[in-house]
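Only one structure is covered here, and it is reproduced in the block below.
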Amino acid sequence: MGSQTREVDVVVIGAGQAGLSSAYFLRRFGFAPGTGLVVLDADARPGGAWQHRPGSLTLSKVHGIFDLPGSHFRPTEADQARTAAAVVSDYYGAYERRYDLRVRRPVQVRSVRRADARLLVSASGTDGTPGEEWAARAVVNATGTWRRPYWPYYPGASDFAGRQLHYADYHGPAEFAGQRVVVVGGGLSAMQVLSEIADVAASTAWVTRRPPEFRDGEINPDVGREVVAKVEERVRAGLPPASVVSVTGLAYTPVVLEALRKGALDRLPMFDRIIADGVVWNDGRRVNADVIIWATGFRAVIGHLAPLRLRESGGGIRMDGTRAVAEPRLHLVGYGPSASTVGANRAGRAAAGEIRDLLAAEDESLQSERGARVG
């Protein structure tokens, strides 16, 4: 470790819901900002992934914003007309101040590696400013998925003469006026896009790999436990986590109901290849297109953990709850079972509690060793 490396008990990487939840419970368990706790975030302002949502997504279209621990999200009537990005950013910012979390931003973590009995977190400013390092007794990784959009490969993609974009680069319906648009994906992102562009585009086609399953009712605690159990089964086996929507199905949210009302949810099976002016199926079906929007989800942002060599042969990281089995000082919150808002708060508390117990046991062992030497 270099002379500029600072020692700290816990580093939390990421300040979305999972990171803020973890930081809140760590503060409650006695880890004070400074030598006890450091929270790093790559974004320039609070809000997690919410701050990147398109301006066309107003709060009134959102099915619900989960409370952060120790706080109730209570939007006003005026908030309903504001963008979800702005409202949630305000909520998260106020939360950081209320609980004195002192998030350092914008900071991009480049690597996490082992260094003696600690984990060395190396970071730099997102603008390329000089790097910093923290030697942590434990690390909570809560980097989410937004910065790693998933683009599946399909034959002919490079031949397409129109425009292709991922949902991460979708900013609203206006730019698709009069165009023929194919939307790929079976989650809420696809629902939002279809609900907004259906009455401005010349035509829309909705394509998914699997038939969608629509579900009545709220995601209550029983459904939440089912989601966590099914995804946890995969990560315990060292497999990549499945998407949450594959477990919960699609609820009849405002955007789903709007898409239905506009007749945009006439689902087609996945096409077989892309051609210059559209997509085709092996049975001869064809849909002409000017634009393909890939609402195909995101993957976990964990490249900075590569030096720890955590991946199993199945492609995932084997987990025991939120703890990485191969590195007990590392907890992944917002990964696998806690990748959705359903499980993030519970996972933050679990990770903070395990870290408290781990470090307390280490301190007790060290005290015993010192006592034995003195005796």
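Screening Ala78, Ala94 for residues that are assigned by TED's automatic domain parsing to the domain that holds Leu20, more than 19 Å from the chain's Cα centre (by Cα), more than 23 Å from Ser22 (Cβ to Cβ) and surrounded by fewer than 15 Cβ atoms within 10 Å (Cβ to Cβ) leaves exactly one candidate, Ala78. Quick check: anything in segment 83-96 out of contact with any strand residue (DSSP E or B) (no Cβ under 8 Å at 6 or more places or on another chain) and of a type in the set (Val, Ile, Thr)? The answer is yes; a qualifying residue exists. Only one entry in Val139, Val200, Val184, Val207 is on the phi < 0 side of the Ramachandran plot, crowded, with 18+ Cβ neighbours inside 10 Å and in contact with a helix residue (DSSP H, G or I) (Cβ under 8 Å, 6 or more places away or on another chain), namely Val184. Listed by first and then second residue, the pairs linking a residue in segment 173-188 that is among the small types (Gly, Ala, Ser) to a residue that is modelled with pLDDT of 95 or more, with Cβ atoms under 6 Å apart and 6 or more places separating them unless they lie on different chains, are Ala177/Val200; Gly178/Ala202; Gly185/Ala295; Gly185/Thr296; Gly186/Thr208. Leu20 meets the stated requirement of being part of a helix (DSSP H, G or I) and in contact (Cβ under 8 Å) with a residue 40 or more places away in the chain.
Whether any residue in segment 274-293 is on the phi > 0 side of the Ramachandran plot, at pLDDT 95 or above and part of a strand (DSSP E or B) is what I want to check. So that I can check it myself, show each step before the final result.
The initial filter retains those residues of segment 274-293 that are on the phi > 0 side of the Ramachandran plot, namely 278, 284.
Within this subset, residues satisfying the condition of being at pLDDT 95 or above are 278, 284.
With the extra rule that they be part of a strand (DSSP E or B), the set shrinks to 278.
So far as segment 274-293 goes, yes, one or more of its residues are on the phi > 0 side of the Ramachandran plot, at pLDDT 95 or above and part of a strand (DSSP E or B).
Could you look through segment 311-340, keep only residues that are closer than 20 Å to Ala23 by Cα, hydrophobic (A, V, I, L, M, F, W, C) and at pLDDT 90 or above, and pick out the one that is surrounded by the most Cβ atoms within 10 Å (Cβ to Cβ)? This residue is Val333.
Can we say Thr143 is in a loop (DSSP other than H, G, I, E, B), β-branched (Val, Ile, Thr) and in contact (Cβ under 8 Å) with a residue 12 or more places away in the chain? So Thr143 passes the test. Of all residues in segment 29-64, those satisfying the criterion of being without any contact (Cβ under 8 Å) to a residue 60 or more places away in the chain and more than 22 Å from Ile13 (Cβ to Cβ) are Thr58, Leu59, Gly64.
The values are calculated or read from the model by the stated rules, or taken from the named source; none is laboratory data. Keep in mind the model is a prediction, meaning the values are calculated, not measured. We place every Cβ from the backbone using ideal geometry, glycine too, and count neighbours over all the protein chains shown.
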